[in-house]
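Please read the structure below before turning to the comments.
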Amino acid sequence: MNGNVKYTIRMYSSLSAFEKLEQLCESARYDVCLASCNSNSSGKQGRSKSPKNPNQWLFPRAMPGKGQVSMLKVLQSNACKNHCSYCAFSAQNDGLRRMRIAPQELARLFMQFVYKGWVHGIFLSTGIRDSPDKSMEDLLQTAEILRFKYRFSGYIHLKVLPGCSEDRIQTALNLANRVSINLESATLQGLAKVAPEKQMKSGLLKRMHWMGRSIKMGEVRSGSQTTQFVVGPSGENDGDILKTVDWLYRDLYVFRSYFSAYQQPHKKALPSTPNGLVREHRLYQSDFLLRSYGFRLPDLVFDDQGNLPLHVDPKMAYALKNPHLYPMEVNGATLLDLLKIPGIGPVSAQRLVEFSKSASLSELKDLRNLGVLTKRAAPWILINGKKPPILEASPAQQAWLFPQLSPESWSSGLIPLGKKVPSSDYNYPGQRGKMVNYPMGNQQPVYCR
Ligand code: SF4
């Protein structure tokens, strides 16, 4: 164990359990692998603004069939012996107050929150103070106390530590509803650059493979695994990241990936990289195309550097790159074809298919009634063989709806000037109240419709 870390843990071990919980919840906000917990249905930041209010640590999360539930997101310990350059808990960060909360204390406090009706689930992660197995032991003990002593049957998400043993992973899979292990980088070289102690193949992918195999066989409580990439510091391009993501979904049964723009976590870390937040946003959009829109990796458009265009969303980029496919007749179109039309998302595409079975779409209003963004879709469709009128739009809307961008300009990295809006205005996984520069501000949907 790193000597400094050990010393600092002793320094702050005299805090009360509640004070430690407060600090460790605050630290946990740096982990975005539970990003879906960070937004509620209104798209606002989930945490209470009152520092006195314990609800400040609680994050709403959408659960199948249960609507929104609140989750406690917390670290068992923020002490770590590793030197990951993107991480606030890196051993390099000697200004951080390090501490650990004992499994019994954490489980007891969590259950108090459960009894008060504040939370319905927990997301539990930790730094690596000791060996991965020993650090993981704390997480497992907390989950075991919750499951067996308090008979907690709600949602538990456990972070799996790189390098931990297969039996620890099996225990985690039997205790948690979901597990995650962060890949952080899409390439061997990238990971070696930002996380010198981590091994891509033997430390991370091997464990993802074990988890994927057990999840696929349905032998365990966990129904899925997720992962996270840090965007920027390792120098890989968006193509590298999405290629890896696509492979993880197909071969390792990863349920979804999260992307986190690198932001310098402490003064000794690498400086922040340019365009990180917009890249993160475009990666999420592309990820939705791969998972929910029937897009394949070769459908995505990349610039000369292998990055997604920054100032046009990936679905619009596909449409601009494939003019021979448009305008597309909407009557009788297949679901997959409809999903390739800007302005049409999975729900409206399904409605259009159902509607077309019994009637014919005859005007833009019919499409609008079925949920299509008609201003965006109009230039790309035919209705009964006729081009619909292009709806009137302000110059700023025109710029957003019908960007006439050449592929050469995509590589310039320029983002059209626009209103700055907090990303929490979007239904945006990973939002942390960040500012993103978009042409139409809060009209820019994260889903590529
Ligand atoms: S091992 Fe995890 S907690 Fe430790 S420095 Fe790396 S990312 Fe941070």
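Every number here is computed from the coordinates shown, using simple stated rules; none is lab data. Here the structure is a predicted model, which means the values were calculated and not measured. All Cβ positions, even for glycine, are placed from backbone atoms using ideal geometry, and neighbour counts span all protein chains on display.
Enter the mean projected area of the convex hull around the alpha-carbon atoms of segment 203-309, in nm², rounded to one decimal.
Convex hull of Cα atoms, orientation-averaged projection: 8.0 nm².
For a 19 Å ceiling on Cα separation, which of these pairs sit above it: 20/268; 73/116; 134/159; 201/243; 73/149; 321/386?
In this structure, 20/268; 73/149; 321/386 exceed 19 Å between Cα atoms.
Would you mind ranking 150, 293, 253, 262 by Cβ crowding within 10 Å, fewest neighbours first?
150, 253, 262, 293
Between residue 102 and residue 116, what length comes free when the chain is fully extended (0.36 nm per residue of separation minus the Cα-Cα distance, one decimal in nm)?
Full extension of this stretch gives 2.9 nm more.
For residue 382, what residues show an amide H to amide H distance below 5 Å, using hydrogens built from the backbone and excluding near sequence neighbours?
Hits under the 5 Å cutoff: 328, 329, 330.
For segment 256-400, taking Cα atoms only, what is the radius of gyration to one decimal and the Dmax to the nearest whole Å?
Taking only Cα atoms of segment 256-400, I get Rg and Dmax of 17.8, 64 Å.
Where does each of 383, 169, 241 land when they are ranked from fewest to most other beta-carbon atoms within 10 angstrom?
Values: 383 19, 169 24, 241 28.
Sorted ascending by nearby Cβ count, the order is 383, 169, 241.
Express in nm, to one decimal, how much length is gained between residue 16 and residue 324 on full extension, taking 0.36 nm for each residue of separation and deducting their alpha carbon distance. Intermediate results must be reported in sequence, preceding the final value.
Values: separation 308, 0.36 × 308 = 110.88 nm, distance 6.62 nm.
Result: 104.3 nm gained on full extension.
Find out how many positive minus negative residues lie around residue 186, taking Lys and Arg as positive, Asp and Glu as negative, among other residues whose Cβ is under 10 Å from that of residue 186.
Numbers: positive: 243; negative: 184, 236, 238, 240.
Spelling it out: positives minus negatives among the neighbours equals -3.
Around residue 237, with a cut-off of 11 angstrom between Cβ atoms, what is the net charge of the other residues, counting Lys and Arg +1 and Asp and Glu -1?
On the way: positive: 243, 279; negative: 236, 238, 240, 303, 304.
With Lys, Arg at +1 and Asp, Glu at -1, the net is -3.
Taking 0.36 nm per residue of sequence separation and subtracting the Cα-Cα distance, how much length would be gained by fully extending the chain between residue 177 and residue 368, in nm to one decimal?
Gain on extension, residue 177 to residue 368, equals 64.9 nm.
Taking the Cβ of residue 82 as the center, what net charge do the other residues with Cβ under 12 Å away carry, scoring Lys and Arg +1 and Asp and Glu -1?
Around residue 82, the charge tally is 0.
What aspartates and glutamates sit close enough to residue 216 to cross-link, taking a C-alpha to C-alpha distance under 18 Å and skipping anything fewer than 8 places away on the same chain?
Output for residue 216: 166, 167, 246, 251.
Compute the distance from the alpha-carbon center of segment 285-331 to that of segment 118-149, in whole Å.
Answer, in whole Å: 41.
List the trypsin sites (Lys or Arg not before Pro) within segment 264-321 that DSSP assigns to loop and that have no more than 11 neighbouring Cβ atoms inside 10 Å.
267, 296
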